[in-house]
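Structure first, then comments.
The values are calculated or read from the model by the stated rules, or taken from the named source; none is laboratory data. Model, not experiment: these values are computed from the prediction. Don't worry about glycine lacking a Cβ; one is built from the backbone with ideal geometry, like all the others, and counts go over all protein chains shown.
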Amino acid sequence: MNPLRTSRAVVAAAAAVVLSVTSTGLANAAAGAPRDSGDNGKIVVGIKFDQPGIGLKTPDGKYTGFDVDVATYVAKQLGHDPKDIEWKEAKSADRETLLQRGDVDFIAASYSITPKRAEKVDFAGPYLLAHQDVLIRADDDSIKKPSDLNNKKLCSVTGSTSAQNVKDKIAPNAQLQQYGGYSECLTGLENGVIDAVTTDDAILAGYAAQPEFKGKFKLGGFKMSNENYGIGVQKGSDLKAKINTALEKMVADGSWQAAVDKNLGPSGYQNEPAPKIGVIVQ
Amino acid sequence: MKDKPTVLYDVPGPRARRRNVLWSVLFLIGLAAVVWWVAASLADKNQLAWAKWAPFFTDARVWETYILPALKNTVIAAALSMVIALPLGAFLGILRLSDHIVVRSVAGSVVEFFRAIPVLILMLFADAAYSEFTDISPDNRPLYAVVTGLVLYNASVLAEVVRAGILALPTGQTDAAKAIGMRKGQIMTHVLLPQAVTAMLPALVSQLVVIVKDTALGGAMLGFSELLASVRPMSANYGANTIACFTVVAVIFIALNFALTTFASRLERRLRRGKKTTGAVVGVEAVEELAAPGEHPDTRRGPSG
Amino acid sequence: MFDFLQGYDLLGAFWVTVQLTVYSAIGSLVWGTLLAAMRVSPVPLMRGFGTAYVNIVRNIPLTVIIVFTSLGLFQTLGVSLGAERFTTINFRLAVLGLTAYTSAFVCEALRSGINTVPLGQVEAARAIGLSFPQVLRLIVLPQAFRSVVAPLANVLIALTKNTTVAATIGVAEAALLMREMIENEAQLLLISAIFAVGFLCLTLPTGLLLGWVAKKVAVKR
């Protein structure tokens with residue numbers, strides 16, 4: 001046997017594997033040109049991609065929700081056309097990191113202002129006062145007040161504080177199921193395995209407003225905590241003041257209420273009046 | 001390891017065959033009962049409702065917006081990782097067989113270190129490092145981080161595959177090569193490696209499948225929009241049809257990996273037909289045996305295939 | 001620097017990780033052995049089932065399997081594995097999912113171990129009239145197990161790392177605590193590093209110990 005020929009055959013074969021697997025992949029990777037870091041009108045905004053009514057990537061590739069509308073308005077006030085906004089997914093755990101690294105210009109992603117987070121990033125706003133609430137089946141009459149949650153089966157997402165809050169303070173005998181996303185909780189609620197999904201009422205309202213769930217679920221209306229949604233910016237960024245001005249204008253000209261009604265209204269969500277900028281309700 | 005006459009039992013006679021048929025029928029009945037139970041329960045809980053599954057069949061936008069771009073990312077990340085990890089792994093594996101103790105032990109420590117740390121954490125660190133020390137655009141950084149994590153981990157595992165593959169070759173090959181005056185490098189590149197590649201293919205392939213599946217880790221925490229991560233926005237849009245979404249994604253993963261393994265086994269058969277092998281096979285088992293940190297017993301010869 | 005660790009039960013979370021690992025390891029060993037037996041059995045349908053099972057399960061990401069135990073088995077099919085409370089149910093479901101996944105790898109390791117048993121022994125066993133189950137139980141498997149301790153050790157290490165996936169259905173193990181801490185403390189890298197070290201503490205000794213055992217029990221041929 002001829003060693004040279006063998007090795008060539010092997011190399012050729014290996015190259016064939018590699019090429020066939022990567023030909024499409026590499027072409028595509030090369031096509032994804034890096035984002036212009038220059039200031040030619042582009043702005044990168046972090047939002048949630050999977051929260052109906054708040055921030056949702058819809059099947060036509062667009063983004064809808066209250067956070068999206070607020071961010072669009074703010075970006076416009078900052079001098080950016082809606083088409084110049086690049087939306088980036090900001091998962092809960094990633095938000096501080098995204099801001100600290102400058103991957104996004106600002107984040108509007110059901111981002112509650114807390115002292116720990118405020119150590120890492122700056123917050124403009126708040127622009128919405130939400131409360132921790134529960135979503136229950138429409139025909140469930142057994143949950144009328146927070147203490148009714150005792151011995152019930154609650155669901156929330158992994159690592160979130162809201163579920164822990166109920167268990168620690170309001171209904172110590174409640175059982176807690178945690179999933180990677182709210183969708184799994186809703187499947188459980190629909191199946192009757194879960195009695196109540198708990199998180200901020202604004203998020204729950206978005207789910208309840210979905211056409212698939214019309215008339216199936218309702219909000220408890222319990223107001224178990226105060227969540228001040230702020231717009232996160234990099235520590236020390238001059239964007240904070242500008243965004244605050246934009247938010248004040250948004251409330252003043254009625255766009256704020258319109259955005260609330262459009263995104264959260266359909267579920268019968270009773271919103272709090274627009275919060276005063278810089279006032280955090282404890 | 002393919003279907004071949006086994007020595008574990010006799011060729012079934014008429015009675016054994018009847019018994020086999022009986023067993024098979026019982027088994028099928030049991031399986032059918034389970035399937036029926038699952039389907040009935042799903043229907044009972046409204047999970048088979050057409051509304052939950054319809055988007056995948058009637059709405060092309062589901063594929064265009066969520067699944068296909070995500071699948072593309074999964075394939076890119078997996079392909080890049082394979083392309084980089086294979087040569088790097090081969091290189092590390094050869095270094096571990098070096099005659100110089102320093103080279104051997106350095107390569108050994110690198111391999112052991114990267115194998116012991118969860119891949120997800122390797123990815124997180126790569127992401128942080130790229131953000132800190134390079135100006136890779138934030139859009140591409142998750143991909144870079146995922147590929148880096150996968151390459152570091154899998155190159156280490158592949159290094160063991162390569163080492164096992166080379167050790168599995170008959171020593172006569174090296175002796176003969178030495179006898180005709182080849183140098184160490186020549187022996188490796190012209191004699192050992194070409195033969196080892198065919199012997200290693202089964203183990204290589206199972207590691208490649210691992211790479212494909214592990215791209216999903218990037219979606220969990222790095223914001224890399226790969227296939228599994230596409231479930232979340234998708235299910236949020238269609239009334240929390242989580243079961244349908246996860247099922248579709250699982251099927252795509254199976255298809256992807258099945259295509260990969262099928263292609264590889266075709267390649268393996270072609271290489272073997274060329275009679276350019278000693279018949280040595282390194283299964284996953286031989287590699288895993290080497291792979292345990294600490295002691296490394298000599299590789300067994302696999303059964304000839 | 002580490003004062004934020006206060007108020008978190010790190011050891012408790014890792015203890016759950018250990019428990020998940022141990023129960024799943026036992027489960028996978030049993031189910032994986034049965035699968036291996038099926039894959040070499042004389043009944044074609046069982047062979048087919050074993051092959052199909054291994055090939056499907058190995059090709060699905062573990063996350064999907066774990067999510068299915070909860071969404072599919074528990075929520076939809078009502079399988080609660082004899083437990084009442086979510087914590088217990090989820091723990092058992094996670095063990096079930098990890099077992100289902102890991103046993104495919106155990107099966108493959110064992111099957112290769114079976115291949116190392118010399119043909120002569122099997123032929124001798126059949127010659128003295130042992131049936132297939134007897135051949136497997138008395139002659140083949142005892143030797144196969146001894147020769148695959150090292151590969152199984154690797155499966156065990158992978159299993160230890162894989163238990164982190166149980167966080168997706170809310171089992172309070174290390175990875176879930178890690179996410180909770182990241183969410184509350186906003187210290188992504190430092191917290192990840194702490195948990196990386198935690199896993200190193202679990203996996204390295206396992207590997208070393210079983211590597212030593214493997215050498216001890218290896219069948220000398």
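Assorted remarks:
- Among the residues of the range B:93-119, those that are of a type in the set (A, V, I, L, M) and surrounded by fewer than 23 Cβ atoms within 10 Å (Cβ to Cβ) comprise B:94, B:95, B:97, B:101, B:102, B:103, B:106, B:107, B:110, B:116, B:117, B:119.
- Count of residues meeting criterion [buried (at least 17 other Cβ atoms within 10 Å of the Cβ), more than 12 Å from chain C (Cβ to nearest Cβ) and not in a loop (DSSP other than H, G, I, E, B)] in the range A:138-164: 3
- Options A:79, A:125: the member that is part of a strand (DSSP E or B) and more than 14 Å from chain B (Cβ to nearest Cβ): A:125
- Within the range C:145-157, the set of residues being under 12 Å from the mean Cα position of the chain (by Cα) and facing chain B (nearest Cβ under 9 Å) comprises C:152, C:153, C:154, C:155, C:157.
- Contact annotation: residue pairs with Cβ atoms under 9 Å, 6 or more positions apart or on different chains, pairing a residue in the range C:77-106 that is under 20 Å from residue A:192 (Cβ atoms) with a partner that is of a type in the set (D, E, K, R) and not in a helix (DSSP H, G or I), are C:77/B:45; C:78/B:45; C:86/A:153.
- Set side by side, the residues B:217, B:204, B:152 differ, and just one is touching a helix residue (DSSP H, G or I) at 6+ places or on another chain (Cβ under 9 Å), buried (at least 22 other Cβ atoms within 10 Å of the Cβ) and free of Cβ contacts under 8 Å to residues at least 60 places away in the same chain, which is B:152.
- Condition check for residue B:26: loosely packed, with under 13 Cβ neighbours inside 10 Å, among the hydrophobic types (A, V, I, L, M, F, W, C) and more than 8 Å from every other protein chain (Cβ to nearest Cβ): yes
- Residue match in the range B:124-132 (condition: part of a helix (DSSP H, G or I), more than 12 Å from chain A (Cβ to nearest Cβ) and either surrounded by fewer than 24 Cβ atoms within 10 Å (Cβ to Cβ) or in contact with a helix residue (DSSP H, G or I) (Cβ under 8 Å, 6 or more places away or on another chain) (or both)): yes
- When we screen C:208, C:176 for residues that are out of contact with any helix residue (DSSP H, G or I) (no Cβ under 9 Å at 6 or more places or on another chain) and surrounded by fewer than 23 Cβ atoms within 10 Å (Cβ to Cβ), the only hit is C:208.
- When B:186, B:195 are screened for being part of a helix (DSSP H, G or I), touching a helix residue (DSSP H, G or I) at 6+ places or on another chain (Cβ under 9 Å), surrounded by fewer than 24 Cβ atoms within 10 Å (Cβ to Cβ) and facing another protein chain (nearest Cβ under 9 Å), only B:186 passes.
- Within the range A:107-131, being modelled with pLDDT under 85 and over 18 Å from residue A:238 (Cα atoms) holds for one residue alone: A:116.
- Residue in the range B:165-181 that is assigned to a helix (DSSP H, G or I) and under 21 Å from the mean Cα position of the chain (by Cα) present: yes
- Out of A:134, A:104, sole residue that is surrounded by 16 or more Cβ atoms within 10 Å (Cβ to Cβ), touching a Phe, Trp or Tyr at 6+ places or on another chain (Cβ under 8 Å) and either modelled with pLDDT of 90 or more or not in a helix (DSSP H, G or I) (or both): A:134
- Yes/no for residue B:205 being over 15 Å from residue B:91 (Cα atoms) and either assigned to a helix (DSSP H, G or I) or at the interface with another protein chain (Cβ under 10 Å from one of its Cβ atoms) (or both): yes
- Qualifying residue in the range A:215-223 (condition: surrounded by 23 or more Cβ atoms within 10 Å (Cβ to Cβ), within 20 Å of the chain's Cα centre (by Cα) and within 30 Å of residue B:52 (Cβ to Cβ)): no
- If only residues of the range A:76-95 that are among the charged types (D, E, K, R) and over 28 Å from residue A:269 (Cβ atoms) are counted, the one that is surrounded by the most Cβ atoms within 10 Å (Cβ to Cβ) is A:86.
- If the condition is being within 11 Å of chain A (Cβ to nearest Cβ) and either crowded, with 24+ Cβ neighbours inside 10 Å or more than 29 Å from residue A:185 (Cβ to Cβ) (or both), then the range B:222-233 contributes B:222, B:223, B:224, B:228, B:229, B:230, B:231, B:232, B:233.
- Just one of (1) more than 34 Å from the chain's Cα centre (by Cα); (2) modelled with pLDDT under 85; (3) of a type outside the set (A, V, I, L, M, F, W, C) fails for residue B:18. It is (2).
- With respect to the conditions (1) of a type outside the set (D, E, K, R); (2) buried (at least 17 other Cβ atoms within 10 Å of the Cβ); (3) modelled with pLDDT under 85; (4) closer than 22 Å to residue B:233 by Cβ, residue A:211 lacks only one, and its number is (2).
- Matching option when the condition is buried (at least 24 other Cβ atoms within 10 Å of the Cβ), out of contact with any Cys (no Cβ under 9 Å at 6 or more places or on another chain) and over 28 Å from residue A:122 (Cα atoms), among C:168, C:160: C:168
- Residue match in the range B:234-246 (condition: modelled with pLDDT of 80 or more, farther than 30 Å from residue A:187 by Cβ and out of contact with any helix residue (DSSP H, G or I) (no Cβ under 6 Å at 6 or more places or on another chain)): no
- When C:99, C:87 are screened for being hydroxyl-bearing (Ser, Thr, Tyr), over 19 Å from the mean Cα position of the chain (by Cα) and part of a helix (DSSP H, G or I), only C:87 passes.
- Of everything in the range B:38-89 that is of a type in the set (Lys, Arg) and under 23 Å from residue B:230 (Cα atoms), the residue that is surrounded by the most Cβ atoms within 10 Å (Cβ to Cβ) is B:52.
- The listed residues are C:35, C:45, and the only one of them that is in a helix (DSSP H, G or I) and buried (at least 19 other Cβ atoms within 10 Å of the Cβ) turns out to be C:35.
- Selection status of residue C:21, under 14 Å from the mean Cα position of the chain (by Cα) and surrounded by 21 or more Cβ atoms within 10 Å (Cβ to Cβ): yes
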